[in-house]
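Let me begin by presenting the structure, written as structure tokens, before commenting on it.
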Amino acid sequence: MKKIIRKRVLVPIIALTFLAVGSSFKSDFFEIAKQIEIFTTLFKELNMNYVDETNPAELMDTAIKNMLEGLDPYTKFLNEQDVEAYRINNAGEYSGIGALVRSYKDRLLIVEPHEGYPADKAGLKAGDEIIQIGDIKVADFEDNASELLKGANGTSIFITYKRQNKISSTTIKREGIEVDAVPFYSMIGEKTGYIVLSKFNAKASSQTKSALIDLKGKGAEKIILDLRDNPGGLLSEAINVTNLFVAQGELIVTTKSKVKKFNREYNTKNKPVDTEIPLVVLVNGRSASASEIVSGSLQDLDRAVIMGARSFGKGLVQRPLKLTYGTQLKVTISRYYTASGRCIQSLDYWNRDDNGKAVRNTQFNDFTTRNGRKVQDGGGVLPDIEIATAKTNDLTKALLQNNVIFDYATDYHYGNTLSSVDDFKFSSTDFNNFKGFVKASDFSFETKAEEAIKKALSGSENDFLGPNVNDSYKNLLANIEKGKITALDKYQDQIQKNLEDEIVKRYFYRKGLYSYYLNHDDAIMAATELLENESKYTGILK
């Protein structure tokens, strides 16, 4: 009798559940259809009746960008050119001039010419400003002018550029460019191999595997994997790189979404290269996404010691969804969780402060690695051993973002001669010269304290404070400004590290920089020392 009653009760409950879900689905569908109809009508009437001529494409582009702006910075609308750039970035191959270029409104800045490629052959240097491409002046070009540098293999472009206030011109013949995921690997001493993995494109796991096998063939019994400044890339390649060091069938990452089909568990599928070789992974604040999947899961599985500085903290997964006319929506579909179950997402884009900025996580949850070590979520991957020079701070970030370090390296390059990377030494005199360069430049950045004080000064209640308080506020602001120059000394180690990196690249390209690292980089030297101390290495993991 009880069973019959249960069935009778259960059926209505199930029916009600489906009814609720169905009603919810219909409600969402109706709301979406309603808003689309409102927008379509508005868009049509606006373009037909506005007093001046409108550009429908520009209006729509603005509408889409503003709509997505309230979400996260990784959800983006990709036009046809963006789709091609996205494909190239993942494939690691394109046709162009072979240089890292930064786009501004009125110019293109050569950030780094790649050794042996067309820009380098044509004599372009980091710091050169491209002001005209063919007949097109960059300042007059409304779209991203860097697209003009790309083109069919073997075609030529005539460019005009400015270097140290002098205008010059050259012709560049485009070539097929291959972007290596592993731009450098080498032995450090007789038993330690060093691999730089700079991006997770389609070549990442195959090139890392080749480097690992080659180094083992040369006698490597320990490995340093450098993921510093690696912004991430393909999730599948992150799984495959991790798989080189862990057994087949290991859970590496889980993705969780509101869409059921995007909820997945990713396990290693291939035969590993070496599951026992001692391994150190280097990360810093610019190691993100796929880099954090590799470093975080290797940490969770107690397979590697992580060294450097706290990573960026991107725990979101994107997927390109095809739209009409060759466009796509690159949309955040899920969060990912490393082997221990933690999500390392640092910024909360769905809860913002009064200024509309994403809130940084401050409350962390504890998780445990396979051996029971404590790790935490919510703030990137925290290294097992932190390296002071790998850390960053607001001042160093501002110097980098405002090109102050870059511009100083440009001036240094044209004022000094270096014949060998071994001859380079950044002296205390050089750092004093840099401080003078900062003082003479128009560099400025606002600290949080300044922001709060200026906000207090601009408030309506400020009238009640009186002139003495106002003067005190202004004196405090002046002292903070002076303190910024003093802060250059406080953060000299981190700033000098970035200066040295930028300067060495000017003379000896990126390959020369990695060679310089082998004997001068604090993190690499600390990792090498740790790997030579077997008991300390195993002690950290246990």
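Rule-based calculations on the coordinates, nothing more; no lab input. Since we're looking at a predicted model, the values are computed, not measured. We place every Cβ from the backbone using ideal geometry, glycine too, and count neighbours over all the protein chains shown.
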Here the FRET efficiency for Asn371 versus Leu321, based on Cβ atoms and R0 = 45 Å and rounded to 0.05, is 0.65
Tell me the net charge near Thr155. Cut-off is 12 Å between Cβ atoms, Thr155 excluded, with +1 for each Lys or Arg and -1 for each Asp or Glu. +2
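What FRET efficiency do you get for Lys105 and Ser236 if R0 is 45 Å and r is their Cβ-Cβ distance, rounded to the nearest 0.05? Write down the numbers at each step before the final one.
On the way: r = 37 Å, r/R0 = 0.82.
Computed FRET efficiency for Lys105 and Ser236 comes out at 0.75.
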Phi angles of region 373-388, converted by Karplus (6.51 cos²θ - 1.76 cosθ + 1.60, θ = phi - 60°) into ³J(HN,Hα) in whole Hz with x for Gly and Pro, give 6, 7, 10, 10, 9, x, x, x, 9, 8, x, 5, 10, 8, 10, 4
What trypsin sites (Lys or Arg not before Pro) does region 169-257 have in DSSP loop regions with at most 10 other beta carbons within 10 Å? none
Tabulate in residue order the Karplus-calculated ³J(HN,Hα) for region 298-305, using 6.51 cos²θ - 1.76 cosθ + 1.60 with θ = phi - 60°, rounded to whole Hz; enter x for Gly and Pro. 5, 5, 4, 8, 6, 9, 8, 8
Under the rule of at least 5 residues apart or a separate chain, name every residue whose amide H is placed under 5 Å from the amide H of Val281. Leu225, Val305, Ile306, Met307
For region 184-386, what is the charge dipole size about the Cα centre, in debye to the nearest 20, if Lys and Arg each add +1 at the Cβ and Asp and Glu each add -1 at the Cβ? 820
Counting only residues 5 or more places away or on other chains, whose amide H sits under 5 Å from the amide H of Gly315 once H atoms are built in the peptide plane? Gln345, Ser346
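For Cα pairs less than 8 Å apart in space and 6+ apart in sequence, what is the mean separation divided by the residue count of the chain, i.e. the relative contact order in percent?
On the way: 901 pairs, mean separation 57.7, N = 542.
RCO, the chain: 11 percent.
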Ranking of Phe431, Phe245 by count of other Cβ atoms within 10 Å, fewest first: Phe431, Phe245
In whole percent, what relative contact order does region 244-372 give with Cα contacts below 8 Å and a gap of six or more residues? 24
Pick out, from Phe43, Leu488, Ser535, the residue whose Cα sits farthest towards the positive end of the charge dipole of the chain, with +1 on the Cβ of Lys and Arg and -1 on the Cβ of Asp and Glu. Ser535
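Between Asn89 and Phe364, what length in nm is gained on full extension when 0.36 nm per residue of separation is reduced by their alpha carbon distance?
Numbers: separation 275, 0.36 × 275 = 99.00 nm, distance 3.35 nm.
That pair, Asn89 and Phe364, stretches by 95.7 nm at full extension.
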Just grab the label-to-label distance for Phe262 and Asp61, each label 7 Å out from Cα along the Cβ direction, in nm (one decimal). 2.7
Rounded to whole Hz, the Karplus (6.51, -1.76, 1.60) HN-Hα couplings of region 524-531, x for glycine and proline: 5, 5, 5, 5, 4, 5, 5, 5
